[in-house]
Amino acid sequence: MSAATSICAVAVDVALLTVRDQRLHLLLVEPDDPVLAGLLALPGRRVRDDEGLDDAAHRALGELAGLQAPDAHLEQLRTYGEVSRDPRARVVSVAYLALTPTARAAPTHPGAGFLDVAALDAPGAPRLAYDHGRIVPDAIERARAKLEYTALATAFVTEPFTLAELRGVYEAVWGVALDPANFRRKVMGAAGFVLPVSGTAPPGRGGGRPARRYRRGPAQRLHPPMLRPER
């Protein structure tokens, strides 16, 4: 082996997003390594010799967020391989975007918790380990963009759901307020986006008419798309 040859490890890092209290939240964990003390990181794991990338990502979610494979939408984001991204060794990371309803998100790692993504840009924001300061904005923008042209918003809600709950997802992820009547028109105009189910939701605190309930439809892409308003 020449002096220029080195061993490069492969890891996965998962940006897990959920909506809590009408706000978009991200799961972050305290790294176990004392070298990274005081920093927060995305849940991640080194890829074992006997597992694939998706399996490693699901293992990270299972061990750190208490989520099993059916509990979250999971998709590859991109690969990050800057030489100095990990101060301990040469590691290439395959990053994932994961989305889950709040009811299923229950971190199991003692150092794991959800953080409002708006806090990442606020004064005194926590410092992120590795290059997770690059991965997180990429993951958030991917989620925001995909809500425009796919049915991915339904990954944030449990079935059955109301259109108000679905609208709350768009408002939390995009960071804008949406007109309820206009939103309803767009959702119902997108073929196969949602399908009605029997029964109605219990009245809210303010009373009013019981809301109809829906489930995910067969559509993967939205026609026409739900265009994102300017913030």
Give the stretch 33-61 a look and list any residue that's more than 15 Å from the chain's Cα centre (by Cα), free of Cβ contacts under 8 Å to residues at least 60 places away in the same chain and farther than 15 Å from Val10 by Cα, or say none.
-> Asp33, Pro34, Val35, Ala37
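I'm trying to understand the selection: among the residues of the stretch 102-116, which are of a type outside the set (Phe, Trp, Tyr), closer than 23 Å to Glu63 by Cβ and at pLDDT 90 or above?
Correct list: Gly113, Leu115.
Quick check on this structure: which one of Glu165, Glu171 is surrounded by 12 or more Cβ atoms within 10 Å (Cβ to Cβ), charged (D, E, K, R) and without any contact (Cβ under 8 Å) to a residue 12 or more places away in the chain?
None of the other options fit; the residue is Glu165.
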Got a sec? Which of Pro202, Pro218, Pro210 is exposed (fewer than 13 other Cβ atoms within 10 Å of the Cβ), modelled with pLDDT under 95, of a type outside the set (S, T, N, Q) and in a loop (DSSP other than H, G, I, E, B)?
-> Pro202
Given the conditions (1) under 26 Å from Ala112 (Cβ atoms); (2) touching a helix residue (DSSP H, G or I) at 6+ places or on another chain (Cβ under 9 Å); (3) not polar (S, T, N, Q), report the number of the one that Arg184 does not fulfil.
-> (1)
Contact list, first residue from the stretch 11-30 and touching a residue at least 12 places away in the same chain (Cβ under 8 Å), second anywhere and of a type in the set (Phe, Trp, Tyr) and not in a strand (DSSP E or B), beta-carbon distance below 6 Å, six or more apart or interchain, is Val19/Phe156
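The values are calculated or read from the model by the stated rules, or taken from the named source; none is laboratory data. Everything numeric in this text was worked out from a predicted model, so none of it was measured. Counting neighbours? That spans all protein chains shown, and the Cβs are built from the backbone with ideal geometry, glycine included.
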